[in-house]
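Input: a single structure, listed below in C-alpha cells.
No value in this document is a laboratory result; all are computed from the given coordinates. Bear in mind that the values here come from a model prediction, so they are computed numbers and not experimental data. Methodologically, a virtual Cβ is constructed for each residue, glycine included, from the backbone with ideal geometry; neighbour enumeration extends over all protein chains shown.
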Amino acid sequence: MSNLVIFLGPPGAGKGTQAAKISKEKNLAHISTGDMLREHVSNGTELGNMAKTLLDQGKLVPDSLVIEMLIERLNSDDCKNGAILDGFPRTIAQAESLDEISNQFKISKVIVFDANHEELVRRILYRGETSGRSDDTEESISVRLKVYELDTAPLIDHYKQKNLVVNINAIGEVDNIYNLISGEF
Ligand code: ADP
C-alpha cells in the first residue's frame, strides 16, 4: 500500500516548487500532471495534440484522459514508496477515481496552499517572463483562477469530510513554507 500526499491549491501557489524539494528529501515520486501534459505536447503525442489548445487557454483537459494518464503513472516502480500529487485531482470526478483505488493507494494528507489572487497573478506573470509556458499569460491566468474556484476548490470540502486537510499559508519565503510543509510528512 503506497501513501499519497495531495498538494491542492490555485495556480501559482507554489505547489510545484515545494513538491520538487520535498519529494527529493523524502524519496517520494513527484507527479505533476501539468508537467506530464506539457511533455506530451512537446513530444507531439496524440494526447498532447488533443491537450494543447486547452492548456494554452487555461482550461482543463478532459477527466478521462488525465485519469488514465495518472493511473498508469502511479503504477510505475518509483511510486512504490509513495508519491506527491501536484495538480491532481482537479475535479470531483478525478478525486472519485482516486477514491476507487484506495485499496492500492491511500491518501494520507491533503495540503491546501492558501494565497490571495493578486499575489498569484503577480507570481505567474513573473514566472511567465522566464518559464516559456504558453499559458502564463494574463488571459489564461484569469481562466485558470476561475476554473480553480469552480472545479477544484470544492475538493477541499470533499477531503475535509475525510479529515485529511491541512492548510498552509503559501505567502512568504520558499524556505519558510518548505519548513511548514515538511513538518507534515
Ligand atoms: P498551474 O497549476 O500553474 O495552472 P499546472 O502545470 O498544474 O499549472 O497545469 C497546467 C495545465 O495543465 C492546466 O491549466 C490544465 O490545462 C492542465 N492540467 C494539469 N493537471 C490537470 C488535471 N488534473 N486535470 C485536467 N487538466 C489538467
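Results, tabulated for the structure shown:
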| quantity | calculated |
| --- | --- |
| Among (1) more than 13 Å from the ligand (Cβ to nearest atom); (2) part of a helix (DSSP H, G or I) - the single one Ile111 does not satisfy | (2) |
| Subset of the range 66-104 [among the hydrophobic types (A, V, I, L, M, F, W, C), farther than 21 Å from Pro154 by Cβ and in a helix (DSSP H, G or I)] | Met69, Ile71, Leu74, Cys79 |
| Identity of the residue in the range 35-65, away from the ligand (no atom under 11 Å from the Cβ) and assigned to a loop (DSSP other than H, G, I, E, B), that ends up surrounded by the fewest Cβ atoms within 10 Å (Cβ to Cβ) | Gly44 |
| Which numbered condition Asn169 misses (of (1) surrounded by fewer than 16 Cβ atoms within 10 Å (Cβ to Cβ); (2) under 28 Å from His40 (Cα atoms)) | (2) |
| Qualifying position, being assigned to a helix (DSSP H, G or I), under 18 Å from the mean Cα position of the chain (by Cα) and surrounded by fewer than 18 Cβ atoms within 10 Å (Cβ to Cβ), among Arg122, Arg144, Arg127 | Arg127 |
| Criterion: in contact (Cβ under 8 Å) with a residue 24 or more places away in the chain, within 10 Å of the ligand (Cβ to nearest atom) and more than 22 Å from Ile181 (Cα to Cα) - qualifying residue of Met69, Met1 | Met69 |
| Test for Gly132: is it more than 23 Å from Asp56 (Cβ to Cβ), small (Gly, Ala, Ser) and free of Cβ contacts under 8 Å to residues at least 12 places away in the same chain | no |
| Checklist (1) in a helix (DSSP H, G or I); (2) under 14 Å from the mean Cα position of the chain (by Cα); (3) crowded, with 20+ Cβ neighbours inside 10 Å; (4) near the ligand (Cβ under 9 Å from one of its atoms) applied to Gly16, failing item | (3) |
| Meets criteria (surrounded by 14 or more Cβ atoms within 10 Å (Cβ to Cβ) and closer than 24 Å to Ser182 by Cα) for Leu74 | yes |
| Residues (β-branched (Val, Ile, Thr) and farther than 18 Å from Val61 by Cβ) located in the range 138-172 | Ile156, Val165, Val166, Ile168, Ile171 |
| Pairs where the first residue, in the range 77-96, is within 13 Å of the ligand (Cβ to nearest atom) and the second is of a type in the set (Asp, Glu), C-beta under 7 Å, 6+ apart | Arg90/Asp151; Thr91/Asp63; Thr91/Asp151; Ala93/Asp63; Gln94/Asp63 |
